[in-house]
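The values are calculated or read from the model by the stated rules, or taken from the named source; none is laboratory data. Not measured: the values here are computed from a predicted model. Quick reminder, even Gly has a Cβ in these numbers, built from the backbone with ideal geometry, and neighbours come from all protein chains shown. Please note that ligands, DNA and RNA were not included when accessible areas were found on the heavy atoms of the full protein model with its side chains. Shrake-Rupley method; radii C 1.70, N 1.55, O 1.52, S 1.80 Å.
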Amino acid sequence: MTVAATPEMAMLIAERTLEKYAKDYFPRLSQVSISFRGDRAEQYNYDKIRPLSKARLQGKTVVIVEGQSTKTGATSLYRIECNSWNLIEALEVLEEISPPGAG
């Protein structure tokens, strides 16, 4: 697991995540999915999410996006991050917005 060594590094990772998402993911929302990072995949049952919104900062270092679980259909806020291979990964579910089948 990659952990930012300093607050400055965490802010750089967040900035890189926002830029990558805005350039390569947001314009193609209906065509992309985001997987959970390898060390978190089992915890989240190897789910993938369909992003539904622009990415935004929560605080200075956490990037969040609204997304829908491809397994359950629930809509939630997810923490995302750009990894060292320049791919966006989900790190955790922050808050469920609507349960499966709602909306």
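Points worth noting:
- For T2, the test of being modelled with pLDDT under 95 and out of contact with any Phe, Trp or Tyr (no Cβ under 9 Å at 6 or more places or on another chain) is passed.
- Region 83-98, subset more than 14 Å from the chain's Cα centre (by Cα) and of a type outside the set (V, I, T), residue surrounded by the most Cβ atoms within 10 Å (Cβ to Cβ): S98
- Region 1-47: number of residues that are under 18 Å from E92 (Cα atoms), among the acidic types (D, E) and open to solvent by less than 60 Å² (accessible area, probe 1.4 Å): 1
- Residue list for region 48-70, restricted to those being within 11 Å of the chain's Cα centre (by Cα) and open to solvent by less than 40 Å² (accessible area, probe 1.4 Å): I49, P51, S53, A55, V62, V63, I64, V65, G67
- Restricting the search to strands (runs of 3 or more DSSP E) fully inside region 29-103 and requiring at least 1 residues that are more than 22 Å from M9 (Cβ to Cβ) and out of contact with any Gly (no Cβ under 7 Å at 6 or more places or on another chain) gives 48-51, 62-69, 75-82, 88-98.
- Number of the condition not met by Y25 [criteria: (1) outside any helix (DSSP H, G or I); (2) in contact (Cβ under 8 Å) with a residue 40 or more places away in the chain; (3) among the hydroxyl-bearing types (S, T, Y)]: (1)
- Hey, S84 modelled with pLDDT under 95 and under 25 Å from P100 (Cβ atoms) or not: no
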